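Values quoted throughout were computed directly from the atomic coordinates according to the rules given, and no laboratory measurement underlies them. The shown structure was predicted, so the numbers you read here are calculated from the model rather than taken from an experiment. Quick reminder, even Gly has a Cβ in these numbers, built from the backbone with ideal geometry, and neighbours come from all protein chains shown.
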Amino acid sequence: MNMNRFWLLEVLLALVALPLSPACFETRAGDVSEVRAETAEPDVLDLQGQSDAGDFVPARVLRTQGHLRFHTIRQSVVLPLELSIALYFNAGLVLSTDETKLLVASSARTNLLVLDADTLTILDVIPTSASIDNLQVVDEGRFVVAWATFGRRSKSGSKYRQARDLLILDRSDFSLKHTVSVGENIGAVADVSQGRVLVSAVQSETIALVDLDKGEVISQQSTANEKFSPGDVAVRPDSKIAMVSGGVFRQQMLGGPQTQSRATGSQVLLLDPLDPANHARMTFFPKLQHPRGLLFHPNGRHVFVADDQQNALVILDWVARRTQETIALADAPEDLGFFPGGQRLWIRHSGAPMLSVVDLENGRIKEVTLPNVAMTQPVFSPDGEVFYVGTAMPSVIAVISVETLKLVDEIELPIFPHQLQITRDGKRLFAALGAGINVIRVE
């Protein structure tokens with residue numbers, strides 16, 4: 001996760017219940033025909049023989065496993081650091097398919113490290129052309145994709161250029177399969193069916209559809225004519241529709257000047273994720289100011305948007321092309337996701353020491369108090385009893401009860417984390433700390 005509000009602090013550390021009407025969520029979802037149609041009535045659906053999105057069933061909570069027993073750091077390692085190229089501080093962490101290895105990405109290194117999950121010793125070093133710091137598991141766990149954060153610049157001789165590469169790795173052994181040039185300043189990667197991903201490039205103003213097995217760009221759409229910088233991407237689980245919000249481009253050198261172009265506005269891009277170049281449209285949604293996280297409601301018709309400029313959860317009806325509801329939240333909602341089971345929604349804030357939790361059955365929002373601002377997304381124990389969130393100042397992993405949403409424990413850390421990973425049995429939790437300068441294992 002990207003927490004630019006803490007970048008200077010991290011450098012120093014590295015060196016030494018509002019009501020929401022559930023009735024508003026209608027069940028008819030719409031599909032790509034709504035994007036293709038130019039004259040269709042906004043509230044008339046053309047499903048082309050498809051049923052609504054009600055057949056989407058979120059993953060159920062697994063209650064046959066456990067969670068951490070001791071809340072104690074059992075293993076810790078300090079990894080090589082190259083501060084000269086650390087333009088922005090972030091880190092990524094992914095477990096291999098068999099959970100015997102860890103892949104570690106860092107904004108402070110021009111390589112990816114493969115660690116032994118038991119000893120945390122370095123098994124392999126994968127050189128990269130840029131300081132790769134984002135890792136994401138895609139295609140039902142077959143691949144890991146890696147890329148550089150907004151504004152990361154890669155070095156070519158004595159010159160710097162904006163990082164363009166998307167790395168595709170086999171999750172079973174972390175072997176590098178492909179390196180694909182997709183555009184400058186990758187904003188987000190979203191899973192699409194048939195072994196494909198959608199990739200937004202903020203500065204290049206493009207959306208690319210990438211084949212993971214072949215390592216090829218299948219198609220690419222430019223949004224430059226609309227002066228739209230694509231940022232976050234959400235794809236409906238049935239891969240029939242996708243939504244892209246405006247992005248943010250940041251560029252910063254340590255000790256040097258900073259430039260920032262902040263894309264704000266009420267337009268989003270709706271498109272067919274399997275054919276983005278031919279079937280797409282820009283849609284205006286009133287009251288939308290600066291969308292960050294995007295997430296489709298299980299009904300497939302509505303989209304949750306974390307708007308960090310107006311501090312609100314915005315609900316869009318993309319079929320009717322209208323803003324359904326705007327709900328006030330704490331400062332700077334950054335991203336959002338579902339609890340296991342799909343009945344509740346979590347919202348992480350980059351400007352407040354809390355999570356907001358939306359109950360989709362009764363429409364109420366509750367605030368989960370944290371020790372400080374959340375640096376990581378929640379990670380849930382496989383038994384569904386607790387979830388873990390990393391915070392800064394104090395640097396801890398907060399342990400929260402899923403049932404009561406109360407803090408039940410704190411695991412103290414030497415520096416705040418950027419990403420957490422938990423094993424399938426819930427017995428071990430790994431964390432990348434700082435700019436990936438430390439990795440720890442908690443049991």
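If packing is taken as the average count of other Cβ atoms within 10 Å, what order do 182-193, 332-343 fall into, highest mean first?
Working: 182-193: 22.7, 332-343: 18.3.
Per-residue mean Cβ counts within 10 Å order the peptides as 182-193, 332-343.
In nm, to one decimal, how far is the modelled label at ASP238 from the one at LYS366, with both set 7 Å along Cα→Cβ?
Here the modelled spin labels are 3.2 nm apart.
So, in nm, how far is label GLU216 from label LEU405 when the simple model puts each one 7 Å beyond its Cα toward the Cβ?
About 4.8 nm, to one decimal.
Given the peptides 399-410, 320-331, arrange them by the average over their residues of other C-beta atoms within 10 Å, most packed first.
Working: 399-410: 14.7, 320-331: 16.5.
Highest-to-lowest ranking by the protection proxy: 320-331, 399-410.
At R0 = 51 Å, how high is the FRET efficiency between PHE284 and ASP124 if r is their beta carbon distance? Nearest 0.05 is fine.
0.55
Under a crude label model (7 Å from the Cα following the beta-carbon direction), how far is SER181 from ASP425 in nanometres?
4.7 nm
So if we plug the beta-carbon distance of GLN309 and THR100 into 1/(1 + (r/R0)^6) with R0 = 51 Å, what FRET efficiency do we get, rounded to 0.05? Write down the numbers at each step before the final one.
Details: r = 44 Å, r/R0 = 0.86.
Taking R0 as 51 Å, the efficiency between GLN309 and THR100 is 0.70.
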